[in-house]
Amino acid sequence: MEQGKRRVTRQIQLGSVAIGGDAPVSIQSMSTFSPTDVAQASEQINRLAAAGCDIVRLAVPNRMAALAIREVKARTAIPLVADIHFDYRLALDAIESGIDGLRINPGNIGSNDNVMAVIEKAKPKRIPIRIGINAGSLPEHILAQYGGHPTAEGMVAGALEHIRILEANDYRELKVSLKSTDVPMMVRAYRVLAEKVDYPLHLGVTEAGTVQRGSIKSAMGIGALLLDGIGDTIRVSLTADPLEEVSVAKMILDAAGLMSYGAVMISCPTCGRCQVNLISLAEQVERRLEGIKTPLRVAVMGCVVNGPGEAREADFGVAGGKGRGVIFRKGKVLRTVPEADLVDELMKEIEQYLEQER
Ligand code: SF4
């Protein structure tokens, strides 16, 4: 797949995951549990990791939550970010508990002494701080300066204020997000900021909506920027199980030619030639591919007339026929099997291949 040039950014290290520079674009999600629900939060984080999520953020509204991070860290393996608003002491506690990254806006935590306290604590481990601007919560003075309502330029100005505070305190382990539910505004804001700073950017469309609407909005906004070469880490926000966010994020990265691991499925739209229940076939295959980490493209096609040929780029695939179907690899037919066995036989081939790759 053709890939454009990516914007060159400073690299930061969020636990075991590098962000920016030449690192692959990482996938983030957010736990729906408080860290104080240790068992549930940990179990969800582990499920997200198994599905391909690289980083999980946790809301940290109080001290109990900040202290509970220690136990969640002990039960999970991927980097965790504490989402903190206003109270800098929660950031200090979260760092003490072993958090890998912070989402906190330095302009919102009071005096410069508070900012310094957080930086001093973050510095030894170079814990990155995400400056997160939301169009819906721009401060009054920025709104007044930019016409009284949220604009892309206002969002950038807001981000720059926070960035300058960290820079003035000589801290540059940071990344920035500029989220809006308004896709054109969000895209414009990131494009403008990308011209001004070289910090890694965390992309997202906020309050995007339920699965279908939210996926489309995220694919539009995040996708447009990724195709521009902008974006180092992404979060798809959906009103749904966060596992859906990871699955959609993977699809966006794949569509942008940036998916560096995992199995992805392509399937034909079906037409009058199709004589199998392709929707059910595709759903079964997609489900059974979940969790595969090796890069793999799998095609599910409606007919043998055009199927294998149309999906020549796929590593494996199935193409339906009348009461039977074929299994193919790289456009070449391997064998014909009864329709009822298609999915099992395809998975057998894939598993054999993965075994050889190990
Ligand atoms: S693969 Fe076959 S069934 Fe699917 S759209 Fe193409 S011609 Fe139609």
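Computed from the coordinates by the stated procedures, all read-outs in this text should not be read as laboratory data. The model shown is predicted, which means the values in this text are computed figures rather than measured ones. Quick reminder, even Gly has a Cβ in these numbers, built from the backbone with ideal geometry, and neighbours come from all protein chains shown.
Points to keep in mind about this one:
- Förster radius 41 Å - calculated FRET efficiency between THR294 and ILE216, Cβ distance, rounded to 0.05: 0.90
- The chain, helix-only ellipticity at 222 nm - DSSP H runs n ≥ 4, -39,500 (n - 2.57), divided by all residues, nearest 500: -12500 deg cm²/dmol
- Projecting the Cα positions of LEU227, ILE133, ALA82 onto the charge dipole of segment 12-255 (unit charges on Cβ atoms of Lys, Arg, Asp and Glu, taken about the Cα centre) puts ALA82 furthest along the positive direction.
- Added length on full extension, which subtracts the Cα-Cα distance from 0.36 nm per residue, ASN306 to SER280: 7.4 nm
- The spacing between segment 228-267 and segment 3-82, judged by their C-alpha centroids, is 16 Å.
- Simple Cβ-charge dipole of segment 12-255, Lys/Arg +1 and Asp/Glu -1, about Cα centre, in debye nearest 20: 180 debye
- Placing a label point 7 Å from the Cα of LYS322 along the Cα-to-Cβ direction, the residues of segment 258-272 whose backbone N falls under 17 Å from that point are 271-272.
- Take the Cβ atoms of LYS196 and ASP113, set R0 to 25 Å, and the FRET efficiency comes out at 0.35.
- Secondary structure note: in the chain, about 30% of the DSSP beta bridges are antiparallel.
- For segment 263-357, diffusion coefficient by Stokes-Einstein and Kirkwood Rh (Cα), 10 °C, 1.306 mPa s, µm²/s: 124 µm²/s
- Under 5 Å, built H, 5+ apart or other chain: amide partners of ARG130: LEU102, ARG103, ILE104, LYS175
- Exposed loop sites here mean chymotrypsin sites (Phe, Trp or Tyr not before Pro) with a DSSP loop assignment and at most 15 other beta-carbon atoms within 10 Å; the chain contains its longest site-free run at 87-260.
- Placing a label point 7 Å from the Cα of THR239 along the Cα-to-Cβ direction, the residues of segment 196-219 with a backbone N closer than 12 Å are 207-214.
- Sites ARG329 and ALA50 - FRET efficiency at Förster radius 22 Å, r taken between beta-carbons, to 0.05: 0.25
- With a threshold of 29 Å on the Cα-Cα distance, the over-threshold entries among LYS5/LYS123; LYS5/LYS121; LYS73/LYS121; LYS196/LYS293; LYS5/LYS217; LYS217/LYS330 are LYS5/LYS123; LYS5/LYS121; LYS196/LYS293; LYS217/LYS330.
- Length released on extending from MET64 to GLU207, taking residue separation times 0.36 nm less the Cα-Cα span: 48.8 nm
- Amide hydrogen proximity for SER237: with H placed 1.01 Å from N in the peptide plane, the residues at 5 or more positions away or on another chain lying under 5 Å are VAL205, ALA208.
- Here the contact order of the chain, divided by its residue count and restricted to Cα pairs under 8 Å and six or more residues apart, works out to 13 percent.
- Of all DSSP beta bridges in segment 263-357, antiparallel share, percent nearest 5: 55 percent
- Restricting segment 1-48 to trypsin sites (Lys or Arg not before Pro) that sit in a DSSP loop and have at most 15 other Cβ atoms within 10 Å of their own Cβ leaves LYS5.
- Largest-first principal axis extents of the Cα set of segment 12-255 (Å): 45, 43, 32
- Given their separation in residues at 0.36 nm each and the Cα-Cα distance between them, GLN352 and GLU167 gain 61.4 nm when the chain is fully extended.
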